[in-house]
Structures are given as C-alpha cells and as structure tokens.
Amino acid sequence: MAYDYEKSIRPGKLPHIWCPGCGHGIVMKGLIRAMDSCNLDREKTSIVSGIGCASRLPGYMDACTLHTAHGRAAAFATGVKMANPDMTVIVCGGDGDGTAIGGNHFIHACRRNIDMTYVIMNNYIYGMTGGQFSPCTPTGHKASTTPYGNPDPIFDISKLAIGSGATFVARTTAFHATQIDKLIAEGIKHKGMAVIEVLDDCPTTYGRRNKFRSVVDMMKRLKEVAVPVQAAAKMTAEQLEGKVLTGVLYKEDKPEYCEMYQKVIERAQGSAS
Amino acid sequence: MAKKVALIQGNEACAHAAIYAGCKFFGGYPITPSTEVAEVMSIELPKVGGKFIQMEDEIAAMASVIGAALTGVKALTATSGPGVSLKQELIGYACIAETPCVIVNVMRGGPSTGMPTGPGQSDVMQARWGTHGDHAAIALVPASCQEIFSETVRAFNLAEKFRMPVQVLFDEIVGHMRERVEFPEPGELEVIDRTAPNVPPAEYKPYDASKGDVPPLASFGSGYKFHVTGLNKAADGFPTTKAELVDAEERRQISKVTDHVDEIEKNEEYMTEDAEVVIWAYGSTARSARYAVNELRKSGIKAGLFRPLTLWPFPEKRTAALAKQAKAIVVAEMNLGQMIYEVERVAKGACNVVGEFRVDGEPINPGQIMDKVKEVL
Ligand SMILES: Cc1ncc(C[n+]2csc(CCOP(=O)(O)OP(=O)(O)O)c2C)c(N)n1
C-alpha cells in the first residue's frame, strides 16, 4: 500500500510553492517518514526554518511550526528547545540560509550540542531570490551574480558541522530518497545536535545556468557523485576525486546542552550532590 | 516582616524586576552599559528554574527570546544601542508574529560604538521606527532605580496583554546609578499573563480577530499546533497576499495599541497647573529638570515639568494641552533633537518649542535648563 503522506500535511496547504523537479519535496517526504518512524507527537514537535524555498517546508507540516527570518532558524530553535526541552525540535532550510547569513548560528548550535535535528537542503544556490551564488555553489559555476563563473571556494557543510561540534552528522542526496528518512530518523533519535545534509537540485535557477539539460541530468549527477562512506574506505584518492561521501559521517556521545543547563539549575538551587 | 530593601544599580533592579514579573528566559549578548542585567539574570534565573543563555550575537539573542516566548514563557533580552540595531529585524518579527517579549536598551551615545560608558538618549526614535514596515511600538522610560523596577514589571505586563515586544529604555546614568530600591512583596505589583485560548486545538487560530484586538496565544507544546511566520498572514497564521486580509491584519496590529493608549500611557507632571514654561524631559534628564523647576519657582518663574514614562505611544493629548497652556515648551534630551520633533508635531505651533540638547557624554545639568527657560521667556 502506498505511504499516506497526506495525514502529516496540513489540510488545504497544498499545492506547495516548489518548482517542478525541485528536490525539496523529496526531502519533505523523507522528513514525514522519519517523523512517523520515530512516532513523534506532533503537538510536541516544533519544526523551525529561516527564509528561502527550502524554509517554506514547515508551513505544510502538521506540527508546531515556526517560519522565522532569513538565517535565524537555529537561534529561534535554541530558544524553543531551551525554554521547553520536552519538545522535539527539527530545523530545516537551505544552504544559503544555514551557512551564509545563518552560518554563525549554525556553528554555535553545533558547538552547544543542543538536542535538535537540522536538515539542510543544499541545492548549491539561492533559489528563492532567483539564483544568486551561495557559499555552496561550486567554484567556477554560474549563478545570476557570478556570470563569469564563481570565484569563491565552497563550504563543505558536513565538515563544517563536524568541526563545529555537532555530534551526529550525515549526508545523502535527493536521489537517494529512501536514505533520507533513515538518516533523519537517526538524527532525531540522537541526543544532541544532529545535522543531515541533503544534496538537492534546483533545476530552475542552478541547473539551467550550468548546462544540466533536465532534472534527470541533475539527479544522475547526484547519483554519480555520492559514495557511501563504507565504500569510500576501500577507494583510492584518485577514485574519490570529485566524489561526495554519504551516510553517517560522524557520531559521538557528548553531554547535551539542555541537560548541562539542568545541572546549572540544580547547582543554583543548591540541590546538586 | 520588613520589606527587602537594597542599594542597587538600575540594571540590577531591572533584572530583579524581571524575575518578579515571572520572566523565565533570558537570551543576551554582552554590551556596555547593559551587561549587569545579563549578569544578574544568570544568577537569578536558574534559582527559579528559568533559563539563561548567552547567545553568539544580539540577533541570535533576540531570536532565542522569540522562540522561548512562543513556548509560553516570559522572555527578556537586554542590550544597548548597537545591539538594538542588530535586533531590529527580529523586533519586527515579534511585532508581526505578535510575540510577547521585553527588550531593555540601556542607552549610550552614538551612532555606532559611540561612548560605551557614556549616557545617551539617542535611541528613542530607534525604539519607534527602528524595524522596517508599519508597526506599533511601546517603549517605557524610567528615571530612577525604583522606577526601573516598576516599569520593567509594567513592560512585561504590556507585552503579555498586547502580545507584542515592549522596550524599556533607560540611559546609562540610571542604569549604573545606585539607589535605594524597595522590593515589592509578591502580589503588590500587578503581574499579567497572556490569555490562552479556550477553544479546542482544532479550532484555534492564532490571529483570530473575532477574539478581539489581541487574540489569545497558545504555547508550543501545550497541545495546540499552529504556524508562526514573519510573512503577512491570515487569521490562521498562514501566509496570504489577499489585499483585504493583509490590510486588516496590519491595521489591527497597530490599532490594538492606538485604541488603548489610555491604558498604556503613564506620565508625571510637576507644577504644570499654572506653568508658563513646561520642561519636557524623560529619564535622568527629567531629574535635572525637576531640580530646575524648583529653582526657577524660587525666583518667581512659573516653570513646570512634564515627564513621560511611556514614550511610545507618544503622550499626544497632554503634550498638546500643555502647548496650548504654556508660552513655551523646553524639550531637554541627551541627543541632538529627537523627541522634540514629536512635541513640535502635536504642539502644532500653539507655543514656542525649543530644545536643550547634549551629546558630550555629560548629563544635562539643571543650570543649563534654567538658562534656556530664562532665554525663552
Ligand atoms: C535579511 C534578509 N536578507 C536577504 C533576504 C533575501 N533572501 C530570501 S531567500 C534567500 C536565499 C535562499 O537561499 P537558500 O537558503 O539556499 O534556500 P533555497 O531558496 O535555495 O531553498 C535570500 C537571500 C531575506 N529574506 N532577508
């Protein structure tokens, strides 16, 4: 029987704003399956986003949803989680939102190891504003503001997350649709900051400018660049040239922020042993 | 039992008042001259089971405050001029999303980094128009440590009652001055909590104007699922671009303040009954002005003081009435003329409006004000 996504979507909120061929909807379906498999109580789940095409996702989801300002999702989410640690907090948004304007909030949420799951949809571009380059646009590629090719080096989001202190970091692609929910679910179950980077496609503003003739071409590329970490362990540096590792890239048990703060409360109230 | 009395700074009084008002969350980023508010909150909040977090910058602090407030807690941030500038986008977010929260701005000079340890009153227009778009604003301007206590509690009450961000502005002089502060007993000052919805979760609309100008606000995690956005939205909280819905929402969010000015406004008048010259001053400047009034009266000059405690919404009625009664209004402020524009606007030429300004980091002293009064008479 086909999976019933509709029961998790707010009645009357479809159609969504995403262009035909955009991968954001694939990620939303993955998130729905992940939330279901974790049996999340939607009244106690907050989905927080910033601004951008990807950040429109919470509006469609039946939960306590918070669509904030560009780049600030992780900081809003920190307030939600700190004030009510009983809530499951999921952040979602684009690469520009999370690593350009929101880069500082992103790395500090990772550093605190606050218990939230950050799903970052990396479509290599600023979709909503019409295809300007982002910190994840490959060097040399074209965007509306890099007509001669992008001179900027890129951010590797997953490496950034690991380096900043996130205790669960995973990566997959919109092509690997069935892996998305498994990794997000693992992130939700993980106590601490979980980052799931999903390499995504934007046919309208990125593909068009970079000679991907069709969505199928873009999906094929996602399929080809992805190498599971296990497989990569047996590959040479030469074979790994231009590839991107997928799967769980990092996992560690470390004290979680709200639990640490609970100890502060106990000390302040003089009840710590 | 005797009341708790302490010799404390205005900034410290502000933090204790927040706890009194039931504040359970503080998100901040250090900046002089506001830092003591954060420091005292970091001590006091965990004692009452509240949360203190030092965020990575002021924008994050404001974001965390809004996020926390949406879970149902009373939330505070404290900062100074440049910090408020950073928070502006999200203060606008709190306006449109109708999220109760309190922002304290201990004012220094400026623009930019200005004089971090010097006093200023130059953020008064920032408090009104700092964020983009049309919106209402409430800002309070206490002038003593005791008043910082009562006005901070009032700020939380107004935030909860009108579902919006409320700013408390005091200058560095009152923020850092130590005075005797009497801590009110629990129950002595009114403490208001936001109205929670009484409809079943399925029927809840977070911006339902049929429930009044200030619709009830549910808390995330309390069984109500709803959507919050900074986009223009309809009663159910979802984005809309329908002209009539956007227009109605924008207007309601402003009229919920403009229709209740009498509840929000608070002023003090001193010897204005027969005043020929009214000194219009707020914050620490009003303390010098009061001294000047006494001295001027001794020499037979009929001077009086009008001191707003609510700066926004602007005290239009009383200011206009005093303009009709007096020969002149002297607006004294530690900037190069900001509130004077408002006084001129409502005076509509009924009397002479002149300013006595100062931006050198020194307080405006009574002698200066007296000289100005004598000059305009
Ligand atoms: C303060 C601020 N600056 C800029 C913008 C304009 N803006 C909206 S979305 C966006 C980029 C979105 O790109 P990304 O986060 O990668 O998400 P996508 O749309 O590609 O899913 C920008 C720059 C804004 N809304 N607010």
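Just a few scattered comments:
Residue by residue, here is whether (1) closer than 22 Å to B:Ile53 by Cα; (2) within 13 Å of the chain's Cα centre (by Cα); (3) crowded, with 24+ Cβ neighbours inside 10 Å holds:
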| site | (1), (2), (3) |
| --- | --- |
| A:Tyr3 | no, no, no |
| A:Gly23 | no, yes, yes |
| A:Lys29 | no, no, no |
| A:Met35 | no, no, yes |
| A:Leu66 | yes, no, yes |
| A:Ala75 | yes, no, yes |
| A:Gly93 | no, yes, yes |
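- Selection count, the range B:159-171, where residues are within 13 Å of B:Ala75 (Cα to Cα) and assigned to a helix (DSSP H, G or I): 2
- For the range A:68-86, filtering for residues that are more than 7 Å from every other protein chain (Cβ to nearest Cβ), in contact (Cβ under 8 Å) with a residue 60 or more places away in the chain and in contact with a strand residue (DSSP E or B) (Cβ under 6 Å, 6 or more places away or on another chain) leaves 1.
- For the range B:216-255, filtered to residues that are polar (S, T, N, Q) and closer than 24 Å to B:Pro315 by Cβ, the residue that is farthest from the other protein chains (Cβ to nearest Cβ) is B:Ser255.
- Any hit, the range A:157-168, residues being farther than 27 Å from A:Lys29 by Cα, away from the ligand (no atom under 16 Å from the Cβ) and not in a helix (DSSP H, G or I): yes
- Cβ-Cβ distances below 7 Å connect the following pairs, each with a first residue in the range A:257-271 that is exposed (fewer than 15 other Cβ atoms within 10 Å of the Cβ) and of a type in the set (D, E, K, R), a second residue that is modelled with pLDDT under 95 and part of a loop (DSSP other than H, G, I, E, B), and a separation of six or more residues or different chains: A:Lys263/A:Ala272; A:Glu266/A:Ala272.
- Criterion: away from every other protein chain (no Cβ under 14 Å) and under 26 Å from A:Ala75 (Cβ atoms) - qualifying residue of A:Asp156, A:Asp201: A:Asp156
- Residue check for A:Met121: part of a strand (DSSP E or B) and near the ligand (Cβ under 10 Å from one of its atoms): yes
- Residue in the range A:121-138 that is farthest from A:Ile101 (Cα to Cα), counting only those that are in contact with a Ser or Thr (Cβ under 6 Å, 6 or more places away or on another chain) and open to solvent by less than 10 Å² (accessible area, probe 1.4 Å): A:Gly131
- Filtered by the rule that a residue be in a helix (DSSP H, G or I) and surrounded by 13 or more Cβ atoms within 10 Å (Cβ to Cβ), the range B:199-213 gives B:Pro201, B:Ala209, B:Lys211.
- Helices (runs of 4 or more DSSP H) contained entirely in the range A:17-117, each with at least 2 residues that are under 30 Å from B:Leu45 (Cβ atoms) and more than 13 Å from the ligand (Cβ to nearest atom): A:73-83, A:103-112
- Pick from the range B:17-38, criterion more than 14 Å from every other protein chain (Cβ to nearest Cβ) and open to solvent by 40 Å² or more (accessible area, probe 1.4 Å), ranking: nearest to B:Ala159 (Cα to Cα): B:Tyr20
- Selection within the range B:126-149 - in contact with a Phe, Trp or Tyr (Cβ under 8 Å, 6 or more places away or on another chain) and not in a loop (DSSP other than H, G, I, E, B): B:Ala127, B:Arg128, B:Ile138, B:Ala139, B:Ile148, B:Phe149
- On inspection, B:Cys14 passes the criterion of being surrounded by 24 or more Cβ atoms within 10 Å (Cβ to Cβ) and closer than 16 Å to B:Asp171 by Cα.
- Residue in the range A:212-227 that is within 14 Å of the ligand (Cβ to nearest atom) and small (Gly, Ala, Ser) present: no
- Hits in the range A:232-250 - residues which are surrounded by 15 or more Cβ atoms within 10 Å (Cβ to Cβ) and over 25 Å from A:Asn210 (Cα atoms): A:Ala232, A:Gly247, A:Val248, A:Leu249, A:Tyr250
- Meets criteria (exposed (fewer than 15 other Cβ atoms within 10 Å of the Cβ) and within 14 Å of another protein chain (Cβ to nearest Cβ)) for B:Thr258: no
- Residue match in the range B:179-186 (condition: surrounded by fewer than 22 Cβ atoms within 10 Å (Cβ to Cβ), closer than 25 Å to B:Gly120 by Cβ and at pLDDT 95 or above): yes
- Taken over the range B:328-372, the criterion of being more than 27 Å from B:Thr113 (Cα to Cα) and open to solvent by less than 10 Å² (accessible area, probe 1.4 Å) is satisfied by B:Ala328, B:Ile329, B:Val330, B:Val343, B:Ala347, B:Ile369.
- The range B:57-91 - residue that is in contact with a Leu (Cβ under 9 Å, 6 or more places away or on another chain) and at the interface with chain A (Cβ under 7 Å from one of its Cβ atoms) and, of those, surrounded by the most Cβ atoms within 10 Å (Cβ to Cβ): B:Ala63
- Taking the range B:289-307 as the range and being in contact (Cβ under 8 Å) with a residue 40 or more places away in the chain and open to solvent by 20 Å² or more (accessible area, probe 1.4 Å) as the test, the residues that pass are B:Tyr291, B:Glu295, B:Ile301.
- Residue within the range B:241-253 that is open to solvent by 30 Å² or more (accessible area, probe 1.4 Å), farther than 30 Å from A:Ile51 by Cβ and in a helix (DSSP H, G or I) present: no
- Residue in the range B:115-128 that is away from chain A (no Cβ under 14 Å), within 16 Å of the ligand (Cβ to nearest atom) and surrounded by fewer than 20 Cβ atoms within 10 Å (Cβ to Cβ) present: no
The values are calculated or read from the model by the stated rules, or taken from the named source; none is laboratory data. All values derive from a computational prediction rather than experimental measurement. All Cβ positions, even for glycine, are placed from backbone atoms using ideal geometry, and neighbour counts span all protein chains on display. Heads up: the accessible areas ignore ligands, DNA and RNA and are worked out on the full protein's heavy atoms, side chains in. Shrake-Rupley method; radii C 1.70, N 1.55, O 1.52, S 1.80 Å.
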